Amino acid sequence: MHNRGADPDFLAFADTVRSRGRAPLAVTADTLVTLPGPGFRSGQHRPVATDLAVHAFDQVRSLITAPPTEVTCTETATGFLAAHSSIATITVRFADGSLFTYRGGYVVDPALRTDANGDWRIKGRGFAARWAPDPHRARNASEAGPPAYQRCITAMVDALHQDGPLPVPAVANLTSIALLDAALASATHRRPVPVPEVPDAHL
């Protein structure tokens, strides 16, 4: 499921960044999501990395097209806020010199939250941009059906309930999986971890 990476507003922003910005880029993203109760995340050892940051990996790949080379990740429980609260900080280096820094977490107080798509800032030589969904913006009346992220979730659930083998994810999605694997290894070993090479999606 790659629901955040398929958000049409974010993809339009990414098109602007790629057309006007030049590598290397410094990219930051903050994603603080209100989570009143732990739900299924109580069974996850690092819920922010596995349930939030993985979506940011999908998103940053549309901004920085160079291969990721190294990840440094920490995730720290903030039990003094709530039993299931934690904050993760992840830094990704790319082959073109670009840098992505992510801060994400589950918060209890709605006043501290961002949109689940995150608050993004980008700086390059002679270029700067910022993107965050406007919570007060009404959906375009011409937009038919549910939002893109809900359509992705529905497609995933439908695939899980179909007869026969599950569809194989697109090769391009392997980069996000490689980033997540490296982030989890980094958090475990408390050191930077190289990102495994993945097949070229264009071959």
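Here are some notes:
- Scanning region 183-196 for residues that are surrounded by 12 or more Cβ atoms within 10 Å (Cβ to Cβ) and either modelled with pLDDT under 90 or over 20 Å from residue 62 (Cβ atoms) (or both) yields a count of 9.
- Residue that is modelled with the lowest pLDDT, among those in region 110-129 that are surrounded by 15 or more Cβ atoms within 10 Å (Cβ to Cβ) and aliphatic (A, V, I, L, M): 116
- Test for residue 158: is it at pLDDT 65 or above and assigned to a loop (DSSP other than H, G, I, E, B): no
- Within region 4-31, residues that are touching a residue at least 60 places away in the same chain (Cβ under 8 Å) sit with their Cβ atoms under 7 Å from residues that are among the charged types (D, E, K, R) and in a helix (DSSP H, G or I), at 6+ positions apart or across chains, in these pairs: 4/58; 5/58.
- When residues in region 80-114 are screened for being farther than 22 Å from residue 6 by Cβ, assigned to a loop (DSSP other than H, G, I, E, B) and touching a strand residue (DSSP E or B) at 6+ places or on another chain (Cβ under 6 Å), 2 of them pass.
- Condition met for residue 95 (touching a helix residue (DSSP H, G or I) at 6+ places or on another chain (Cβ under 7 Å), modelled with pLDDT of 85 or more and under 21 Å from residue 176 (Cα atoms)): no
- Some residue of region 39-51 being hydrophobic (A, V, I, L, M, F, W, C) and more than 14 Å from the chain's Cα centre (by Cα): yes
- Some residue of region 130-142 being surrounded by fewer than 13 Cβ atoms within 10 Å (Cβ to Cβ), under 21 Å from the mean Cα position of the chain (by Cα) and modelled with pLDDT of 80 or more: yes
- Checked against the criterion of being farther than 24 Å from residue 197 by Cα, β-branched (Val, Ile, Thr) and either modelled with pLDDT of 90 or more or surrounded by fewer than 23 Cβ atoms within 10 Å (Cβ to Cβ) (or both), region 46-64 has no qualifying residue.
- Conditions (1) at pLDDT below 65; (2) more than 18 Å from residue 66 (Cα to Cα); number of the one not met by residue 163: (1)
- Count of residues meeting criterion [part of a loop (DSSP other than H, G, I, E, B) and closer than 16 Å to residue 5 by Cα] in region 115-133: 6
- Looking across region 91-119, the residues that are over 23 Å from residue 134 (Cβ atoms) and aliphatic (A, V, I, L, M) come down to 92, 95, 99, 108.
The values are calculated or read from the model by the stated rules, or taken from the named source; none is laboratory data. These figures come from a predicted structure and were not determined experimentally. Counting neighbours? That spans all protein chains shown, and the Cβs are built from the backbone with ideal geometry, glycine included.
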